Amino acid sequence: MRFDVITLFPEMFCAMESGVTGKALQGAQAELHLWNPRDYTEDVHRTVDDRPYGGGPGMVMKVEPLKQALEAAREATPKSRVIHLTPQGQRFDQRAAREMAAREGIILLAGRYEGIDERLVECCVDEEWSIGDYVLSGGELAAMVIMDAVTRLLPGVLGHEESALQDSYMNGLLDFPQYTRPDELQGREVPQVLLSGDHEAIRRWRLKQALGRTWIRRPDLLEQRQLSDEERQLLEEFIRTHQGASASSQEEA
Ligand code: ADE
């Protein structure tokens, strides 16, 4: 998959050279092309910002260099849609990551300052996405978040055992807890079932923990998801144990 990023800070994207994204960029699975509007300026100061009409604090990205950088990226990859990263966009989630991973490429437009001229959004942007309800100083980190979440879903990027299919959110639930050696840590033991070698019991325990955690931490996710008979039964068991445990801890207190 091809990622084109329009950014005033191309050096930030060296972060993509590490780990899973780095492996995909070195292999054949992903490519990254960076386009800097500053390279399309014509004045001696290489100006990339401009004052907002109507006044007020802050600057807006200067139209002409940004427009030219966008046009150059679109010409290089005409099938890719232009994605503007902005807190005003649709909320990015695992479903969006899966959908984007099926595309041949995307052009990520990382804005800076107070944003970009609305007419550029109207003429040249196909989609607007946000990575959450907070304001970053620019779209670069959001572009990298999207690149990371999408790249790990590309075929051949993750190994079998780390498969994205097992991830939290892939099945609409949070992840079950993980344990490694030692089997006792500061007086806390690894759940016995994980040492049992009984794969079916382990599968059921993990599913129950995933359901239980989602019920406690993100009940909104459970509301969006149909439960199978087995899942409903495991969740009921979890809730009974959980309520029993909180009742006895209240008695102790
Ligand atoms: N740019 C600034 N804040 C952002 C956010 N939350 N998501 C996407 N792009 C942004």
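The values are calculated or read from the model by the stated rules, or taken from the named source; none is laboratory data. Note that the coordinates shown come from a computational prediction; the quantities given were computed from them, not determined experimentally. Note that each Cβ is placed from the backbone with ideal geometry, even for glycine, and that neighbours are counted across all protein chains shown.
Each residue in region 47-86 was checked for being within 16 Å of the ligand (Cβ to nearest atom), crowded, with 19+ Cβ neighbours inside 10 Å and not polar (S, T, N, Q), and 7 of them qualify.
To keep it simple, each residue is scored yes or no on (1) out of contact with any Leu (no Cβ under 7 Å at 6 or more places or on another chain); (2) free of Cβ contacts under 8 Å to residues at least 12 places away in the same chain; (3) under 30 Å from Glu71 (Cβ atoms).
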site	(1), (2), (3)
Tyr134	yes, no, no
Ala149	yes, no, yes
Pro155	yes, no, no
Gly159	yes, yes, no
Leu173	no, no, no
Gly187	yes, yes, no
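Residue by residue, here is whether (1) over 24 Å from Gly159 (Cα atoms); (2) out of contact with any Lys or Arg (no Cβ under 9 Å at 6 or more places or on another chain); (3) assigned to a helix (DSSP H, G or I) holds:
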position	(1), (2), (3)
Phe3	no, yes, no
Met12	yes, yes, yes
Ala15	no, yes, yes
Lys23	no, yes, yes
His33	yes, no, no
His45	yes, yes, no
Pro65	yes, no, yes
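For Ile202, the stated conditions do not hold, so it cannot be described as at pLDDT 95 or above and in the same structural domain as Lys23 (by TED's automatic domain parsing).
No other residue among Ala96, Ala72 is in the same structural domain as Gly115 (by TED's automatic domain parsing), part of a helix (DSSP H, G or I) and more than 22 Å from Asp148 (Cβ to Cβ) apart from Ala72.
The sole residue among Ile202, Ile146 that is surrounded by 16 or more Cβ atoms within 10 Å (Cβ to Cβ), assigned to a helix (DSSP H, G or I) and either acidic (Asp, Glu) or more than 16 Å from the ligand (Cβ to nearest atom) (or both) is Ile202. Output the residues belonging to region 205-228 that are part of a helix (DSSP H, G or I) and among the polar types (S, T, N, Q). Gln209, Thr214, listed by residue number.
Return the residues of region 104-125 that are closer than 13 Å to Arg81 by Cα, part of a loop (DSSP other than H, G, I, E, B) and under 19 Å from the mean Cα position of the chain (by Cα); say none if nothing qualifies. Residue satisfying the conditions is Glu104 alone. If the condition is being in contact with a helix residue (DSSP H, G or I) (Cβ under 9 Å, 6 or more places away or on another chain), surrounded by 13 or more Cβ atoms within 10 Å (Cβ to Cβ) and either modelled with pLDDT under 95 or of a type outside the set (A, V, I, L, M) (or both), then region 116-138 contributes Asp117, Cys124, Glu128, Trp129, Ser130, Gly138. Scanning region 99-139 for residues that are within 17 Å of Val150 (Cβ to Cβ) and near the ligand (Cβ under 9 Å from one of its atoms) returns Ala110, Glu128, Trp129, Ser130, Ile131, Gly132, Gly139. Please verify whether region 18-33 includes one or more residues that are under 20 Å from Ile116 (Cα atoms), surrounded by 14 or more Cβ atoms within 10 Å (Cβ to Cβ) and in contact with a strand residue (DSSP E or B) (Cβ under 8 Å, 6 or more places away or on another chain). There is no residue in region 18-33 that is under 20 Å from Ile116 (Cα atoms), surrounded by 14 or more Cβ atoms within 10 Å (Cβ to Cβ) and in contact with a strand residue (DSSP E or B) (Cβ under 8 Å, 6 or more places away or on another chain). Residues that are crowded, with 16+ Cβ neighbours inside 10 Å and of a type in the set (Lys, Arg) do not occur anywhere in region 183-195.
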